[in-house]
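In what follows, a single structure is set out as structure tokens and then discussed.
Bear in mind these aren't lab numbers, they're just calculated from the coordinates by the rules spelled out. No experiment lies behind these values; they were computed from the predicted model shown. FYI the Cβ positions are ideal-geometry reconstructions off the backbone, even for glycines, and counts take in every protein chain you see.
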Amino acid sequence: MIEDKGGDNNDGQFDGAIEYAVLADNILSIADFSVDKYKHEKGRSISTEEREDAIQSIQGALWDRIEEVKKKQIDLLKKLYGIADAKLVEVIDEHENPHRRKESDIAVQWERRGGVLIGEVSGRVDAAHAEEFERLIGKGIKEHDNILLLDLERVPFISSSGLRASLKLAKRFSAPDKRFAICALSDSVGEIVIISGFDRMIDVFESRTAALAGMRF
């Protein structure tokens, strides 16, 4: 008999993401098919004992893999709920304090090191400040700058608007002789960047030192 490993889950809101009853039937079919395919390809017979041992082993391996997938699903959903909660608080706060929308707490400190333009950003890069963030970065870039690094260590939050503004910068520095990267992300900003897939579109470095070593031509 196939064991249903769904069980009780402390993360009740995520339970049922995988239909274990359906998977149980499919796993049995996969195991049977695998054994029959092996017999056909190898042209040999398999004893009842071999078949039972093989099916049991296959089922165990497949259930282990499913548990891994379910854990990843739960972890991802937790992160998404966290982002949703943060965004809700941001929106409610903006509505309760409308004057904050007109305030820009974004700042950029500039320096150059060996041909790399470094912008140290501070403040929340949210929907209310994304335009100002883009303006300040654009203002600091000179015509001869080919390598741009944004240090986000002092950025506690970045929204989808902030990511879009950063993507514009990445496209601006996409020529073969240009480079763009971000570095020193906080845990919360790092999660947003990973979940959004932004880390697959631009270079992300753990620290400024690592970025400077990896960005130079």
Given a Förster distance of 35 angstrom, what is the FRET efficiency for residue 146 paired with residue 187, based on the Cβ-Cβ distance and rounded to 0.05?
-> 0.70
What is the Cα centroid distance between segment 40-61 and segment 152-217, reported in whole angstrom?
-> 50
Sequence ranges 35-41, 204-210, ranked by mean other-Cβ count within 10 angstrom, highest first | 204-210, 35-41
Calculate, in nm to one decimal, what residue 196 and residue 93 gain on full extension: separation in residues at 0.36 nm each, minus their alpha carbon distance.
-> 34.7 nm
Using 0.36 nm per residue, how much length does the chain from residue 154 to residue 69 gain when fully extended, once their Cα-Cα distance is taken away?
-> 27.2 nm
Give the span of segment 25-66's Cα atoms along each principal axis, as three whole-Å numbers ordered largest to smallest.
-> 31, 18, 15
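Counting other C-beta atoms within 10 Å, which of 179, 135 has the fewest, and how do the rest follow?
135, 179
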Under 24 Å Cα-Cα from residue 78, which lysines qualify once same-chain neighbours fewer than 8 residues away are excluded?
-> 5, 70, 87
Using alpha carbons only: equivalent-ellipsoid semi-axes of segment 160-216, gyration tensor based, whole Å = 18, 16, 8
Relative contact order computed over segment 104-215 (Cα-Cα under 8 Å; 6+ residues apart), in percent | 24
Global geometry of segment 104-215, whether rounded, prolate or oblate, following the gyration tensor of its Cα atoms and the 1.5 cut on a/c = rounded
